[in-house]
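The values are calculated or read from the model by the stated rules, or taken from the named source; none is laboratory data. Note that the coordinates shown come from a computational prediction; the quantities given were computed from them, not determined experimentally. Don't worry about glycine lacking a Cβ; one is built from the backbone with ideal geometry, like all the others, and counts go over all protein chains shown.
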Amino acid sequence: MKDNIRNTLHQIPPDEHRRGMAAVVVASVLWSTGGLFIKLLPFSAFTILFYRSFCAALVFGVVYRKEVLKVNRLSLLASGFYALLLISFVSATKMTTAANAIFLQYTAPVYVLLAEPWLFGLRLQRINIITIIICIAGMALFFSDNLQGGGGWGNIIALVSGVFLAGLLLAQRLNDRSHYTAAIFWGNILVMAAGFISFVQAPLPTLAQAGMLAFLGFVQIGLGYLLFTYGLKYTLAIESALIAMIEPVLNPIWVWIGYGEQPSGQALCGGLIIITALSIRIVITERANRKAFRNL
């Protein structure tokens, strides 16, 4: 068994591994641009959601074709979480600062750590308990007094978006990989349905606005998810998880440069606490797994 595992770990050629790493990096950078264009566009959250998901659904339909028809109960559940995730994140980005929206969404691993013992019969490990406590302390900073541009409902919706992201991750984990694509495709269809009335009532976008909407759909989500899916095939889980942390780091920076929205000190401190705690937990857990592997 040990030999089979070792062969699997070393069967990825170095060139393909580098391309896989590069694909995950580019995907994370593309995802990080969402906050800027959501801020720049004058449309409501649901109008933006309709256009973006329409373009993303086209990408997945053209690239994956019949795969998007492989639907089961878990993929439908994942589609629901995906739709709620997109709706809550875009809404939160409109209502609070981009830094608050993205950092609070990245509390999702906390909810995953809490749910996994119940769903998969795992023991709640001490490192996970410590990580959860530290992340909760980081979350508290987002709700402190005089938080720049992000009090009230915006932060609450951003925090809830992390719950929906955790639900999506867990639903996908429970499901067979052959149904992953369908979950994302139909999730975008659900988002389109939710935003249809707002789309009909909104004025037609200008050429520049249409370009931003197309970028959000075809590139930020569409190409981003395509690259990330490719990268996962040729990278280790810890590598993709750590590289994905590029998104919450760059998202507020693009918004600051392109929109002039500067994150508050509390938001930056809270976000740094959350990202650092999760990164350290990933590294420690991976080292423990490798040690256990060597002892097989």
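Details
- Filtered residues of the stretch 11-28 (kept if at pLDDT 80 or above and hydrophobic (A, V, I, L, M, F, W, C)): 21, 22, 23, 24, 25, 26, 27
- Scanning the stretch 14-29 for residues that are surrounded by fewer than 22 Cβ atoms within 10 Å (Cβ to Cβ) and of a type in the set (A, V, I, L, M, F, W, C), we see that the one that is nearest to the chain's Cα centre (by Cα) is 29.
- Of all the residues in the stretch 251-268, those that are surrounded by 15 or more Cβ atoms within 10 Å (Cβ to Cβ) and assigned to a helix (DSSP H, G or I) number 10.
- Which listed residue, of 140, 171, is part of a helix (DSSP H, G or I) and modelled with pLDDT of 85 or more: 171
- Of all residues in the stretch 95-113 being touching a helix residue (DSSP H, G or I) at 6+ places or on another chain (Cβ under 6 Å) and not in a helix (DSSP H, G or I), the one that is nearest to residue 249 (Cα to Cα): 106
- Condition broken by residue 8, with the remaining ones in (1) modelled with pLDDT of 95 or more; (2) surrounded by fewer than 23 Cβ atoms within 10 Å (Cβ to Cβ); (3) hydroxyl-bearing (Ser, Thr, Tyr) satisfied: (1)
- Residues in the stretch 52-100 that are charged (D, E, K, R) and either touching a Phe, Trp or Tyr at 6+ places or on another chain (Cβ under 8 Å) or farther than 26 Å from residue 155 by Cβ (or both): 65, 66, 67, 70, 73.
- Matching residues in the stretch 143-165 - criterion: being surrounded by 16 or more Cβ atoms within 10 Å (Cβ to Cβ), modelled with pLDDT of 75 or more and not polar (S, T, N, Q): 154, 156, 157, 158, 159, 160, 162, 163, 164, 165
- Annotation note: of 193, 214, the sole residue that is out of contact with any helix residue (DSSP H, G or I) (no Cβ under 8 Å at 6 or more places or on another chain) and either part of a helix (DSSP H, G or I) or crowded, with 22+ Cβ neighbours inside 10 Å (or both) is 193.
- Checked across the stretch 59-75, the condition of being within 25 Å of residue 222 (Cβ to Cβ) and under 15 Å from the mean Cα position of the chain (by Cα) holds for no residue.
- Residue 231 meets the conditions (1) surrounded by fewer than 21 Cβ atoms within 10 Å (Cβ to Cβ); (2) touching a helix residue (DSSP H, G or I) at 6+ places or on another chain (Cβ under 8 Å) in every case but one. The failed one is (1).
- The listed residue being in a loop (DSSP other than H, G, I, E, B) and modelled with pLDDT of 95 or more, out of 43, 54, 50, 37: 43
- For first residues located in the stretch 103-126 and more than 19 Å from residue 273 (Cα to Cα), partners that are in a loop (DSSP other than H, G, I, E, B) and of a type outside the set (Asp, Glu) and lie 6+ apart or on another chain with Cβ distances below 8 Å form the pairs 116/122; 117/123; 117/124.
- Residues that are at pLDDT 80 or above, within 21 Å of residue 139 (Cβ to Cβ) and β-branched (Val, Ile, Thr), drawn from the stretch 254-289: 255, 273, 274, 275, 276, 280
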